[in-house]
Amino acid sequence: MTIPPGTTTATARRGWPLWEVFVRARRGLSHQHLGSLHAPDAAMALRNARDVYTRRGEGVSIWVVPSAAISASSPDEKDSFFEPAMDKAYRHPSFYDVPDGVSHL
Amino acid sequence: MSASTTAVPAGDLVRTAFAGYLLGLADDSLILAQRLGEWVTRAPQIEEDIALANIALDLLGQARTLLACAGKVEGLGRDEDDLAFLRDEREFRNVQLVEIPNGDFAVTMARQLIFSGYQYELYRALLTSTDPMLAGLAAKAVKEVAYHRDHAVQWVRRLGDGTDESHTRMQTGLDHTWPYVEELFERAPGVAALPRIAADPASLRPAWDSFIGTVIAEATLTIPQPTWRARGGRAGYHTEYLGHLLPEMQYLHRAHPGASW
């Protein structure tokens with residue numbers, strides 16, 4: 001059985017590790033993060049995700065990722081990470097005329 | 001049955017046999033759905049809570065289709081609600097396996113393994129039934145039950161091949177439920193009158209044995225050798241537990257006949 005990396009004996013004792021669930025709604029779309037759940041291992045996490053997030057026919061494919069495997073940016077770094085992008089209008093592709101017939105740009 | 005039944009035209013015999021067969025299948029699903037529903041808010045984790053409720057709802061859907069059809073075949077004007085909520089204990093045709101209490105999670109998983117393994121083979125056989133309703137139901141239900149079986153297999157493997165405690169409990173769960181296995185594969189009264197319509201339960205046994213045997217071996221568990229066996233559910237003889245399950249299941253409908261949302 002695959003015990004997800006980052007699972008400490010403390011979390012194992014308290015309960016099952018946390019998994020992030022990504023579901024692809026239909027062919028051609030990318031997987032989207034829907035939420036998280038607890039499961040003892042990857043195979044059970046997939047099954048739990050099927051039961052919790054795709055009961056109403058929401059998906060054609062599921063990914064589960066151990067939450068502990070995700071590195072997230074810190075709220076403290078918000079200013080240095082994201083603020084500098086705000087005033088650089090030339091980074092947006094808004095100075096072109098989009099040719100007719102080009103969709104999904 | 002008395003000798004006078006031979007005087008009944010063959011058409012009526014088949015009709016009675018078919019209604020009885022459908023009721024047996026329906027009651028298996030209905031009663032197990034009620035039992036699994038008892039896990040809601042009590043499962044080890046909320047995710048498992050949802051999984052068991054999903055399985056219960058699949059079974060309830062199968063029961064509704066089968067009960068509605070049984071009512072039509074029977075021809076006494078009883079609809080699915082009448083059959084589910086207004087019959088008494090002796091009129092239920094389910095096997096005893098589905099009515100026994102949930103026990104701990106291992107007992108429930110042992111019962112799920114046994115029953116969904118059986119139902120999987122049953123619906124596969126019914127895919128080729130000459131009755132269009134049964135064949136249609138089987139096509140839908142076989143996919144549902146394949147998932148129920150997989151769910152049970154996952155847990156039996158993990159509990160059996162887990163810690164000493166989980167192994168002991170899983171083996172105890174199998175020991176507790178195994179006396180109810182034989183009844184599943186017993187030729188029910190009336191099945192002989194329904195060639196190509198019904199599935200002969202005995203014919204489902206070899207595939208079930210092979211599949212369940214592999215799972216139990218992988219889980220490092222042992223197939224129990226019970227010293228007694230359940231019998232009589234299809235003829236209306238039940239354990240004391242069904243008598244406690246029915247009032248809870250039927251209370252609302254009997255207290256408020258015809259109530260709707």
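The values are calculated or read from the model by the stated rules, or taken from the named source; none is laboratory data. The structure presented is a predicted model; accordingly, all values stated were derived computationally and were not measured. Cβ atoms come from the backbone with ideal geometry, glycine included; neighbour counts cover every protein chain shown. Keep in mind that these areas ignore ligands, DNA and RNA; they rest on the heavy atoms of the full protein, side chains included. Shrake-Rupley method; radii C 1.70, N 1.55, O 1.52, S 1.80 Å.
In table form, for the structure just shown:
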{"item": "Some residue of segment B:87-105 being within 14 Å of chain A (Cβ to nearest Cβ) and either open to solvent by 20 Å² or more (accessible area, probe 1.4 Å) or of a type outside the set (A, V, I, L, M) (or both)", "result": "yes"}
{"item": "Hits in segment A:42-82 - residues which are more than 12 Å from every other protein chain (Cβ to nearest Cβ), touching a residue at least 40 places away in the same chain (Cβ under 8 Å) and either surrounded by 13 or more Cβ atoms within 10 Å (Cβ to Cβ) or within 22 Å of B:Arg158 (Cα to Cα) (or both)", "result": "A:Ile62, A:Trp63, A:Val65, A:Pro66, A:Ser67, A:Ala68"}
{"item": "Residue check, B:Asp131 free of Cβ contacts under 8 Å to residues at least 60 places away in the same chain and acidic (Asp, Glu)", "result": "no"}
{"item": "Qualifying residue in segment B:160-177 (condition: crowded, with 18+ Cβ neighbours inside 10 Å, within 14 Å of chain A (Cβ to nearest Cβ) and out of contact with any Gly (no Cβ under 8 Å at 6 or more places or on another chain))", "result": "yes"}
{"item": "Any pair with Cβ under 7 angstrom, 6 or more apart, that starts in segment B:181-208 at a residue that is closer than 13 Å to B:Tyr120 by Cα and ends at one that is among the β-branched types (Val, Ile, Thr)", "result": "B:Leu184/B:Val95"}
{"item": "Index of the failed condition, B:Asp12 passing every other in (1) crowded, with 17+ Cβ neighbours inside 10 Å; (2) more than 14 Å from chain A (Cβ to nearest Cβ); (3) charged (D, E, K, R)", "result": "(1)"}
{"item": "In segment B:39-73, the residues that are among the polar types (S, T, N, Q) and open to solvent by 30 Å² or more (accessible area, probe 1.4 Å)", "result": "B:Thr41, B:Gln45, B:Thr65"}
{"item": "Qualifying residue in segment B:246-255 (condition: touching a Ser or Thr at 6+ places or on another chain (Cβ under 6 Å) and open to solvent by 20 Å² or more (accessible area, probe 1.4 Å))", "result": "no"}
{"item": "Answer residue from segment A:23-41, given it is within 11 Å of another protein chain (Cβ to nearest Cβ) and more than 17 Å from A:Arg55 (Cβ to Cβ) and is least open to solvent (accessible area, probe 1.4 Å) among those", "result": "A:Asp41"}
{"item": "Residues within segment B:123-156 that are crowded, with 21+ Cβ neighbours inside 10 Å and within 14 Å of another protein chain (Cβ to nearest Cβ), tallied", "result": "7"}
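Here is a yes/no grid of residues against (1) touching a Phe, Trp or Tyr at 6+ places or on another chain (Cβ under 7 Å); (2) under 21 Å from B:Glu248 (Cα atoms); (3) in contact (Cβ under 8 Å) with a residue 40 or more places away in the chain; (4) assigned to a helix (DSSP H, G or I):
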site	(1), (2), (3), (4)
B:Pro44	yes, no, yes, no
B:Glu47	no, no, no, yes
B:Asp58	no, yes, yes, yes
B:Cys69	no, no, yes, yes
B:Lys72	no, no, no, yes
B:Leu83	no, yes, yes, yes
B:Asn94	no, yes, yes, no
